[in-house]
Every structure is written in structure tokens, then in C-alpha cells.
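Step one of this worksheet: look at the structure below.
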Amino acid sequence: MSARTLVRSLIATTGALAVLSLTGCGAISSSDSGASDDGSFKLASYIQQRIDDDKPMRIKLSYHDPSLAFATPISAGMKKAGTEFKAETALIGPTGGDAAKQVSEIQTLIQQKAVDGLAVSSASSDALKPVIAQAYNAGIPVISFNTDNPASKQMGFVGQDLKASGESQAKRLREELKGTKNGKVVVFSVDTGAGWSHDRFGGFKKGMEGSGLEIVGPVNVGNEPSAAYNTVESTMSGQSGVVALAGLDCCSTTAAAKWASGAKGKGSLPMVGFDLLPQTAEYLENGVINFTISQNPTEQGYQAVKVLFDFLSKGTEITGVNTGAQFVTRENLGEATVEK
């Protein structure tokens, strides 16, 4: 008998799984049909069989847009965990953030019984909610990562507190503005329709309350670099009285910083953002960006796999992981990890 099978047998014998709390999702046992009538989670029988046969766990991370630069460090963390835990891992998802395609891809995995553990970063919280429920009801352990979907049947979340990070960004920006009470702050996002963007911008607005400053946006720039820059440029050409710029993600940050660097000169207009791509690091070094907030994407990829693997192999409770928010400035840039 394998070590994993032995662990499962011992847990089943002691009845520990009957009382295991999964962030409100109930207990776990093996079943052909997934969730029971009382809403508790039941592991699919085909997954239990793979565990009993000591087969590698197939863990998929469905990311809302793998073409984004942010996906690269997520994939690196995922692969590291896959190697460490001897799991078969893959980063999947629709290019361009197409929610319908993401749903279809996940449904295919469910129907073909091609996944043992699933982590989802939603292109749209509302659109992905039903398919997350489908996975849960089919007996597939499912969590969210990078973008939270708390109203769904996710069993946990791995990533940054998006609302809190947006609020922190705004409060730190106000410190950079040294009490400025008049003017506009223009905010950009790579995808204003995404749930993560709503959450982060909601936090940003809360952090700006009482400042007296007018928030313009968020302006949708898309994920194609040239088009994103053009959108920033056209937006700024129609604005006056701007006192600061803010990006809510990796790609809108670099697009806005490129404009700030060329049109306004280094450091003349406070600019803040998110994530730490190589370009962002250069803008920090050159004084174009005042600060950015790293959300540790490599750790998100790693922990998403680890949480699911530990649950499958050991019956470890899924409680989620907060990967935190690190303020990166020119002064501490050397201590931060660039998201290559």
C-alpha cells in the first residue's frame, strides 16, 4: 500500500474526514456524484481511485488570460510545486480573457474527468460561478487563485486581498501627493470588466475618500501593449488638472508609465501601479514610478498547487493563503523579486 493510500485509509478509519471543515463547504468523502444533498463535498470516485493507485495528481490552474505577462511567474511557481510534489500541472485559459471560452475549457475537463484538482482565476466572477459549482458538484476540489470569487462554491482562495491592496495603494498615493486636495487622479485597468478590477478599484476609491481629489476611470486599456499605450495617450490628451496616475495591474501600469515618461518627464507626475515586471522595475529605477505593489505571483502559482495537493494526498483542510502585498520603491527594488 502506498503512503498516500495509507493516509487515506487511516483517515477514513478514524472518521476524521466526517468532521473536516472546508471553509463552509462541509465534509469530504468519496462519491460518484460529487456534492451530497446537504451541500457537503464528496470526492469523485475516479479521483479517489487515482489516489489509491498512487498515480500523480493532475492539477490544473485556469488563468483568466495566460497571454498576460503576469502569467509567466504564476506558471513558474506552479511548475516548481509540480516538481516538488510529483504532480502533473498545467496552466490553461483563454487568450484575451474570454469568459465563455474559459467556462467551456473547464467544462471539458470536468466532462472528460481530466482533472483531479482545479484552481480558477476568473475572467468574470459571475460567468465562472456556475462552472465552479459544476466542478464542486462533480467531486473535484476547486479553489480560486489570483482573483477571488467568494460568492461561488470555491473551497478557498490563494492570492492577494484585492480590495485591501487597492485601498493601500490609494492611501500611499495620498502620502506621495503631500496633502494635495485639488485635481484629478486618472486610473487605468487592463480589463475593467473583470471581477478583480472591480474589487481593486473599489478599494482604491475607499482609500481616496475625503481626499478632495477627482477619480477619472478606471479606463480600460486592454492587454496589447501598443493599443494600451495609445489608449493612455488619447485619454490623457483630453484631461486637464491631472495630479497623479495609477495602474491597477501589470500592463496598465507599464502603459501609463511609458506615457508619463515620454510626455511629462521623469518624476514630474506621481505614478503608482501594481506588479513588478522588468519594465516596471526600469521605470522605478528611473524615477517615473513612485511605487508599485507586488502580489507575489510565483507564490500564488506554487501555493495553488500545494493547497490542492495537500488536500488530495493528506486530507489537509483548505483554508486559503494570503500571498500579501509588498510596496516596492526605488529604495528597496534590489530586495524585491522581478516578475520575469
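Using only Cα positions of the range 116-163, each an equal point scatterer, no hydration layer, compute I(q)/I(0) via Debye at q = 0.15, 0.18, 0.20, 0.30 Å⁻¹ and quote the log10 values to two decimals. Log-scaled intensity ratios, in q order: -0.31, -0.44, -0.54, -1.17.
Please give the per residue volume of the convex hull enclosing the alpha carbon atoms of the range 60-208, rounded to a whole number of Å³. Present the calculation step by step, with values, prior to reporting the outcome.
Values: hull volume 17.1 nm³, N = 149.
Per-residue hull volume (Cα only) is 115 Å³.
Under the convention that each Lys and Arg Cβ holds +1 and each Asp and Glu Cβ holds -1, the size of the dipole of the chain around its Cα centre is about 240 debye.
When the alpha carbon coordinates of the range 268-340 are projected onto the principal axes, the ranges are 54, 19, 15 Å, largest first. Centroid-to-centroid, using Cα positions, the range 268-316 and the range 100-149 are 23 Å apart. The long axis of helix 297-314 is offset from the longest Cα principal axis of the chain by roughly 10 degrees.
Per residue, the chain reaches -13000 deg cm²/dmol at 222 nm when only DSSP H runs of four or more residues are counted, each adding -39500 (n - 2.57). Peptide packing for 58-64, 70-76 was compared via the average number of neighbouring C-beta atoms within 10 Å per residue; ordered from the highest value, the list is 58-64, 70-76. Quantify, in whole percent, the carbon and sulfur part of the accessible surface of the range 89-178 (1.4 Å probe; protein heavy atoms only). Carbon and sulfur together cover 47 percent of it. Farthest toward the dipole's positive end in the range 167-215, which of Trp196, Val186, Gly212, given Cβ charges of +1 (Lys, Arg) and -1 (Asp, Glu) about the Cα centre? Checked the options; the winner is Gly212. Computed over every Cα-Cα pair of the range 240-308 and binned at 10 Å starting from 0, the pair-distance distribution P(r) comes out as 22, 46, 19, 10, 3 percent. Seen against the Cα atoms of the chain and their longest principal axis, helix 195-208 is set at about 50 degrees. Of the solvent-accessible surface of the range 224-340, computed with a 1.4 Å probe over protein heavy atoms with every protein chain present, carbon and sulfur atoms account for 45 percent.
What is the chain's relative contact order, in percent, from Cα pairs under 8 angstrom and six or more apart in sequence? Could the numbers behind the result be given before it?
Values: 747 pairs, mean separation 64.7, N = 340.
Answer for the chain is 19 percent.
Rg over Rh for the range 192-321 works out to 1.07, both radii taken from alpha-carbon positions and Rh defined as the Kirkwood radius. Between 0 and 90 degrees, the angle of helix 3-14 with respect to the longest Cα principal axis of the chain falls at about 70 degrees. The packing ranking, built from the mean of other Cβ atoms within 10 Å per residue, places the peptides 185-194, 87-96 in the order 185-194, 87-96, highest first. In this structure the range 34-97 gives 41 Å² per residue of accessible area when probed at 1.4 Å with all protein chains present. Pairs of Cα atoms in the range 195-240 fall into 5 Å distance bins, from 0 up to the last occupied one, in shares of 5, 17, 23, 19, 22, 12, 2, 0 percent.
Give me D for the range 43-83 in µm² s⁻¹, whole number, from Stokes-Einstein with Rh from the Kirkwood sum over alpha-carbon pairs, 20 °C and 1.002 mPa s. Present the calculation step by step, with values, prior to reporting the outcome.
Values: Rh = 12.1 Å.
In µm²/s, the coefficient rounds to 177.
Note on the range 110-193: Rg/Rh from C-alpha atoms, Kirkwood Rh, equals 1.18.
Which FRET efficiency value, to the nearest 0.05, do you get for Asn322 and Glu175 by plugging their Cβ-Cβ distance into 1/(1 + (r/R0)^6) with R0 = 25 Å? Intermediate results must be reported in sequence, preceding the final value.
Values: r = 24 Å, r/R0 = 0.94.
Efficiency, from the Cβ-Cβ distance: 0.60.
Along the axis of the charge dipole computed for the chain (Cβ charges of +1 for Lys and Arg, -1 for Asp and Glu, origin at the Cα centre), the listed residues Ile140, Thr254, Ala100 are led at the positive end by Thr254. Dividing the convex hull volume of the alpha-carbon atoms in the range 73-129 by its residue count gives 86 Å³ per residue.
In whole percents, the pair-distance distribution calculated for the range 150-241 from its alpha-carbon pairs, binned every 5 Å from zero, is 3, 12, 20, 20, 19, 15, 6, 4, 1, 0. Accessible surface for the range 147-213, divided over its residues, is 40 Å² per residue with a 1.4 Å probe. Normalised size of the chain, defined as Cα radius of gyration per 2.2 N^0.38 Å with N residues, equals 1.07.
The values are calculated or read from the model by the stated rules, or taken from the named source; none is laboratory data. A quick note: this is a predicted structure, and the numbers were derived from the prediction, not measured. Every residue, glycine as well, gets a Cβ built from its backbone with ideal geometry; the counts of neighbours run over all protein chains shown. Note: accessible area is taken over every heavy atom of the protein model, side chains too, but ligands, DNA and RNA are not part of it. Shrake-Rupley method; radii C 1.70, N 1.55, O 1.52, S 1.80 Å.
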